[in-house]
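Asks: Take this structure, written in structure tokens, and hold onto it; I'll ask about it next.
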């Protein structure tokens, strides 16, 4: 589809950020000027409370402008990745971002050097500094992990090369790596790419599924040594930064940055292992429903049930998602309606547009959403998922100042998953047809499999290979394959043939380059399930959840969740979510049994 021919109501209005190139350039020049002012504070920042306040205000002002410039540039590029002018603008702001990091690298060490007594004096003589109290407190918590001014400057300069392993992986997988076409049972050819693999694995044609699976991983085997080297480089980088920052391990460093104790990570893996028999039972049910003598790994993605009409036009999806969030109250619904009326959303695919979906924006912009909507059930879930992110951003920014107007990455997937769970409840409550109920339950159980079980498996794998390197082990393709294969056997059980080629799946997973990020999908999912129970149980539960959405970065993430009624330091939220999985699985088993006996 050509972008210029789409109805304007289906295109995001990012021009509300920068209506012309002239205005963007003016902000760019303003940022360059502000960056030049930071030298003034290099030796004086902590001479007095007044100067500290002045320096912090300049830092926030520069950060805010940078956020606006980079957000607009990235989204403009995502409209058409072939646009060289947009790429040039994005590269310019990326370079300026690195310059800002380097120029402000002394800020944190200077604050670190302040004594508690001196800080008290500053708060007393400059009352406005109290607005920065939590901001400064978080910095001081990093005191033992912060280096000298010069060392911090050098580390800031390394940021441009720190992402080399991921950029190489991404370029290789998304641009350079080519696959042979694959055939279905009628010898029809299909393009095989990183992006088409899962859709092909969802096909009802088992020959096509098998050919796609084998074709993809056979090709990866040809590059297993290069791919293992890329991942080894990423892990080595994580160990390097953990060492220089004086953390005991890369995981300790990554979780400390979000103020999350490592026990949360361990509790997640331990609790999911407790419920692996339920996953094995689900796999056995899949084998039975698909009527297969042997269930293979390439049979995991195909829907267990079919419905005749799975097309959901965008306007219908809009109506359904607004109804689904009814338990969150009229005000929430009205704000979410604004997303459609005020053009937060870029709806349809067009030539050159970035694939996938995301919610993004700056503190001063609308919380924009990029979609590639294709009128399927999954697309409607993607819509409400991204709306969850955007509503979280909107409510945070409208209730907090810029300093605390974002939310910690540990909390990032909670609101989006809560919205999805509300949608599945709404659909099931309003569906009388048994076939559609089974289809919807299967869809939701797949969300559990893909998010709570699979992402936890990824988290366990990531930690295992990091610990192996930390103990002196050498990452080889053979080690990566064997470790990944054995984890798949543990997680999926004896009811499935764990195809040998699944041992190469690690090589296509970008999350292993995100430095202990992936576990948060599973913890976020679990917290969301706990919130849905609260929301649907009482108005107090709803208000607590809305308070969570408005809290921003005013406290540590675990405290924000705990204040809203969800204690992620205990195993209970994960256990509760997995008990819901068992109940949904039991409901599906009964529906299938009833249909068979009818």
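Values quoted throughout were computed directly from the atomic coordinates according to the rules given, and no laboratory measurement underlies them. Just so you know, these numbers come straight off a predicted model, no measurement behind them. Backbone-built Cβ (ideal geometry, glycine too); neighbour counts: all protein chains shown.
Asks: Using Cα pairs closer than 8 Å and at least 6 residues apart in sequence, work out the relative contact order for the chain, in percent.
Replies: Rounded, it is 18 percent for the chain.
Asks: Could I ask something else about it? How many times 2.2 N^0.38 Å is the alpha carbon radius of gyration of the range 21-95?
Replies: 1.35
Asks: Continuing with this model, one more query. With axes computed from alpha carbons, what is the tilt in degrees of helix 330-341 against the longest principal axis of the chain, rounded to the nearest 10 within 0 to 90?
Replies: Around 90 degrees separate the two axes.
Asks: Could you please rank 299, 494, 149, placing first whichever residue has the fewest other Cβ atoms within 10 Å of its Cβ?
Replies: In increasing order of surrounding Cβ atoms, one gets 494, 149, 299.
Asks: Given bins 10 angstrom wide, list per bin the percent of all Cα-Cα distances in the chain, short to long.
Replies: Pairs per bin, as whole percents: 3, 14, 25, 29, 20, 7, 2, 0, 0.
Asks: Taking every Cα atom in the range 445-598, find the radius of gyration and the maximum pairwise distance Dmax, and write them in Å.
Replies: Gyration radius and largest Cα-Cα distance of the range 445-598: 19.1, 61 Å.
Asks: Let me ask you something else. Relative to the longest principal Cα axis of the chain, at what angle does helix 49-79 sit, 0 to 90 degrees, rounded to 10?
Replies: So the inclination is approximately 40 degrees.
Asks: Further question on the same structure: Based on other C-beta atoms within 10 Å, arrange 379, 293, 478 from fewest to most.
Replies: Ordered from fewest to most neighbouring Cβ atoms within 10 Å, 379, 293, 478 come out as 293, 478, 379.
Asks: Principal axis extents for the range 178-222, Cα atoms only, whole Å, descending order, please.
Replies: 27, 17, 14
Asks: Which three extents, in whole angstrom, do the alpha-carbon atoms of the range 10-162 cover along their principal axes, largest first?
Replies: Cα spread of the range 10-162 along its principal axes, largest to smallest: 55, 33, 28 Å.
Asks: Separate question: Starting from the Cα gyration tensor of the range 255-354, take the square roots of the eigenvalues, sort them a ≥ b ≥ c, and report rounded, prolate or oblate (rounded when a/c is under 1.5, otherwise prolate if a/b is larger than b/c, else oblate).
Replies: Note, shape of the range 255-354 comes out oblate.
Asks: When a/c reaches 1.5 or more, the comparison of a/b and b/c decides; with that in mind, is the range 73-148 rounded, prolate or oblate per its Cα gyration tensor?
Replies: Because a/c hits 1.5 or more and a/b exceeds b/c, the range 73-148 counts as prolate.
Asks: Right, another one. Relative contact order of the range 178-222, please, whole-number percent, based on alpha carbon pairs below 8 angstrom and at least 6 residues apart.
Replies: 38 percent
Asks: For the chain, what is the calculated [θ] at 222 nm in deg cm²/dmol (nearest 500), taking -39500 (n - 2.57) for each run of four or more DSSP H residues and dividing by its residue count?
Replies: Helices in the chain give a 222 nm mean residue ellipticity of -19500 deg cm²/dmol.
Asks: Expressed as a rounded percentage, what relative contact order does the range 10-162 have, with Cα pairs under 8 Å and six or more residues apart?
Replies: 27 percent
Asks: Let me know the volume per residue of the alpha-carbon convex hull for the range 505-583, in Å³.
Replies: Given the Cα convex hull of the range 505-583, per-residue volume reads 119 Å³.
Asks: In degrees between 0 and 90, to the nearest 10, how far off the longest principal axis of the chain does helix 224-244 point, with axes built from Cα atoms?
Replies: 40 degrees
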